[in-house]
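Reading through the structure tokens given below for one structure.
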Amino acid sequence: MRVINNHEVLVNDGEHLLSEASARDYFELLKPRVMSLVVFTAFAGLVLAPGHINPVLGLISILCIAIGAGASGALNMWYDADIDAIMTRTARRPIPAGRITPKEALAFGLILSCFSVVILGLAVNWLSASILAFTIFFYVVIYTMWLKRLTPQNIVIGGAAGAFPPMIGWACVTNSVTIESTVLFLIIFLWTPAHFWALALFKMRDYEAVGVPMLPNVSGERVTKHQIVAYAVLTAMCGVVPSFLGFASVGYGLVAAALGAVFIYCSIAVWRMPDGDLKMIPAKKLFAFSIFYLFAIFSALLIDRLASMLVSRAGGLF
């Protein structure tokens with residue numbers, strides 16, 4: 001059995017050859033690292049939302065959101081297979097590596113998209129399903145097919161797709177979109193540019209090679225560094241808002257403020273980094289810390305809610 005080419009289905013004596021894709025290859029199409037962040041923030045939105053959801057429906061909600069996120073990843077890899085083959089960071093993905101055909105990835109992504117939206121709507125509510133459907137559409141069509149190769153602001157606008165999961169989790173419980181869920185959305189939305197532009201700084205040559213107009217390639221390193229600091233400050237400010245709105249405690253606010261201060265410190269280190277720095281250690285450190293920051297912020301929100309519930313139950317015993 002031969003591995004099929006990246007862009008065509010091989011034919012042998014009139015018969016289509018099958019790819020040698022394994023279950024692991026299809027799982028890789030789902031972008032599991034990104035999916036883990038989506039699942040975590042969606043779970044946070046579900047737990048933080050006021051009210052109650054049946055545990056089985058809660059599990060279905062998270063599963064559908066995870067599948068929808070994975071479907072988006074598969075469709076993104078299908079469309080970006082041409083540039084993935086050139087970039088060192090993505091060259092070993094299943095499609096450019098020839099383990100899965102573009103047609104298989106497309107079918108896989110479309111089926112999972114429809115399945116996740118329909119099941120979420122039928123089992124939970126149609127508001128959350130509608131937001132999930134819009135998230136998939138926004139990531140695949142608005143970001144991947146349109147903005148990514150058009151404008152250096154691709155990450156700023158396209159970042160909305162990655163910010164919807166906690167809002168979807170919240171809607172699964174409340175069947176509504178509120179100011180609280182919007183704040184959770186904004187934390188991720190404002191975090192995204194600093195996170196991805198840090199990556200874009202030390203992957204400039206990759207993006208330049210495939211013609212993707214990332215900010216460092218279009219506007220230069222100095223402008224990118226200014227923007228990174230600005231978005232780090234906005235993210236840090238937004239991170240403490242849950243305390244002021246009353247759906248998180250002062251203790252959470254202090255933790256969020258400390259995390260935000262470190263985030264800003266790391267961004268300033270990038271700003272001070274000389275233009276043309278080949279190693280770009282500060283940018284790599286910011287990229288790594290930004291991932292930790294988002295997990296830490298949502299972990300702190302979850303721990304804060306759990307502590308609040310325990311205190312409330314303990315108070316009811318006396």
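Of all residues in region 88-111, those that are of a type in the set (D, E, K, R) have Cβ atoms under 6 Å from Cβ atoms of residues that are open to solvent by less than 50 Å² (accessible area, probe 1.4 Å) and assigned to a loop (DSSP other than H, G, I, E, B), 6 or more apart or on another chain, in 99/21.
On the given criteria, is residue 271 aromatic (Phe, Trp, Tyr), within 21 Å of the chain's Cα centre (by Cα) and in a helix (DSSP H, G or I)? The answer is no for residue 271. Scanning region 167-181 for residues that are within 16 Å of the chain's Cα centre (by Cα) and of a type outside the set (A, V, I, L, M, F, W, C) gives a single hit, 169. Here residue 250 meets each of (1) of a type outside the set (Phe, Trp, Tyr); (2) more than 19 Å from residue 155 (Cβ to Cβ); (3) surrounded by 18 or more Cβ atoms within 10 Å (Cβ to Cβ) with one exception, condition (3).
Each residue in region 202-227 was checked for being over 17 Å from residue 282 (Cα atoms) and either assigned to a helix (DSSP H, G or I) or without any contact (Cβ under 8 Å) to a residue 24 or more places away in the chain (or both), and 10 pass. Scanning region 25-46 for residues that are surrounded by 19 or more Cβ atoms within 10 Å (Cβ to Cβ) and among the β-branched types (Val, Ile, Thr), we see that the one that is nearest to the chain's Cα centre (by Cα) is 38. Just one of the listed residues (283, 230, 236, 256) is surrounded by fewer than 17 Cβ atoms within 10 Å (Cβ to Cβ), among the aliphatic types (A, V, I, L, M) and assigned to a helix (DSSP H, G or I), and it is 230. Within the set 199, 186, 147, the sole residue that is among the aliphatic types (A, V, I, L, M), open to solvent by 20 Å² or more (accessible area, probe 1.4 Å) and under 30 Å from residue 282 (Cβ atoms) turns out to be 186. Every residue in region 87-130 that is among the polar types (S, T, N, Q), open to solvent by less than 10 Å² (accessible area, probe 1.4 Å) and not in a loop (DSSP other than H, G, I, E, B), please. Matches in region 87-130: 116, 128. Looking only at region 47-65, count every residue that is open to solvent by 50 Å² or more (accessible area, probe 1.4 Å), at pLDDT 95 or above and of a type in the set (Gly, Ala, Ser) and tell me the total. So the count comes out to 0.
The values are calculated or read from the model by the stated rules, or taken from the named source; none is laboratory data. Values in this document were obtained by computation on a predicted structure and should not be read as measured data. Cβ sites come from the backbone with ideal geometry, for glycine too, and all protein chains shown count toward neighbours. Calculation scope for accessible area: heavy atoms of the full protein, side chains included, ligands and nucleic acids excluded. Shrake-Rupley method; radii C 1.70, N 1.55, O 1.52, S 1.80 Å.
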